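Quick one: the structure is below, and I'll ask about it shortly.
The values are calculated or read from the model by the stated rules, or taken from the named source; none is laboratory data. In this text the structure is predicted, and so the values were computed from the model without any measurement. Ideal geometry is used to build each Cβ from the backbone, glycine not excepted, and the neighbour counts take in all protein chains shown.
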Amino acid sequence: MKIMDFLSKKAILPDLRMSKKEDVIKELVDSLVSAGDIEKSNRVRLIEALMERESLGSTAIGQGIAIPHAKSDCVSKLVGAFGLSKKGVDFDSLDGEPVYIFFLLVAPHDSAGSHLKALARISRLFRDKYFRDSLRGCEDDKGITRIISQEDEKF
């Protein structure tokens, strides 16, 4: 499974403006709405699903990374949004550190296999410090897309 297969190319934000957990999630969901991957009428429901998942335990996995995710009938296929924060966000990370790299993932309710495969793929990719640092140095969506695509080609 390649990340570029489900990452919405129009939902890549190289400079997140928000600085609080729920606001970052809203900004990423809004990018999916703007990209046409989520109906505007489903925005609030999707944000609620993502925040409900966060209430079970933070999706910030450490090393400056968060992978907020949820299953929802707001989508018919797996879709993702990506965002970078230059200043970092307190996201209740496991290691207590701010989060700089966000990968939001939304899957249909009936897609357990692809949802888990995508989470595993993203987690594996972000273990690589060089990859994380390369992404954090990106200034625009083209650079982010290029780096993720290059990593995709290795698998």
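Of all residues in the stretch 55-72 being outside any strand (DSSP E or B) and in contact with a helix residue (DSSP H, G or I) (Cβ under 8 Å, 6 or more places away or on another chain), which is farthest from L7 (Cα to Cα)?
Q63
Out of contact with any strand residue (DSSP E or B) (no Cβ under 8 Å at 6 or more places or on another chain) and free of Cβ contacts under 8 Å to residues at least 60 places away in the same chain: is that true of R53 in this structure?
Against the criterion (out of contact with any strand residue (DSSP E or B) (no Cβ under 8 Å at 6 or more places or on another chain) and free of Cβ contacts under 8 Å to residues at least 60 places away in the same chain), R53 does not qualify.
Here is a further query. For the stretch 34-54, name all the residues that are surrounded by fewer than 17 Cβ atoms within 10 Å (Cβ to Cβ) and in contact with a helix residue (DSSP H, G or I) (Cβ under 8 Å, 6 or more places away or on another chain).
E39, K40, R43, M51
Out of V75, V99, V24, I need the residue that is out of contact with any helix residue (DSSP H, G or I) (no Cβ under 7 Å at 6 or more places or on another chain), aliphatic (A, V, I, L, M) and at pLDDT below 95. Which one?
Exactly one of V75, V99, V24 is out of contact with any helix residue (DSSP H, G or I) (no Cβ under 7 Å at 6 or more places or on another chain), aliphatic (A, V, I, L, M) and at pLDDT below 95, namely V75.
Out of all the residues in the stretch 73-89, is one or more over 21 Å from S134 (Cβ atoms), not β-branched (V, I, T) and not in a loop (DSSP other than H, G, I, E, B)?
No: the stretch 73-89 contains no residue that is over 21 Å from S134 (Cβ atoms), not β-branched (V, I, T) and not in a loop (DSSP other than H, G, I, E, B).
While we're here: Would you pick out the residues in the stretch 112-152 that are surrounded by fewer than 17 Cβ atoms within 10 Å (Cβ to Cβ), among the hydroxyl-bearing types (S, T, Y) and more than 16 Å from the chain's Cα centre (by Cα)?
If the condition is that a residue be surrounded by fewer than 17 Cβ atoms within 10 Å (Cβ to Cβ), among the hydroxyl-bearing types (S, T, Y) and more than 16 Å from the chain's Cα centre (by Cα), then Y130 is the only one that fits.
Please find, among A81, A60, A35, the residue that is touching a residue at least 24 places away in the same chain (Cβ under 8 Å), under 20 Å from A112 (Cα atoms), of a type outside the set (D, E) and out of contact with any Cys (no Cβ under 6 Å at 6 or more places or on another chain).
Only one candidate passes the filter, namely A81.
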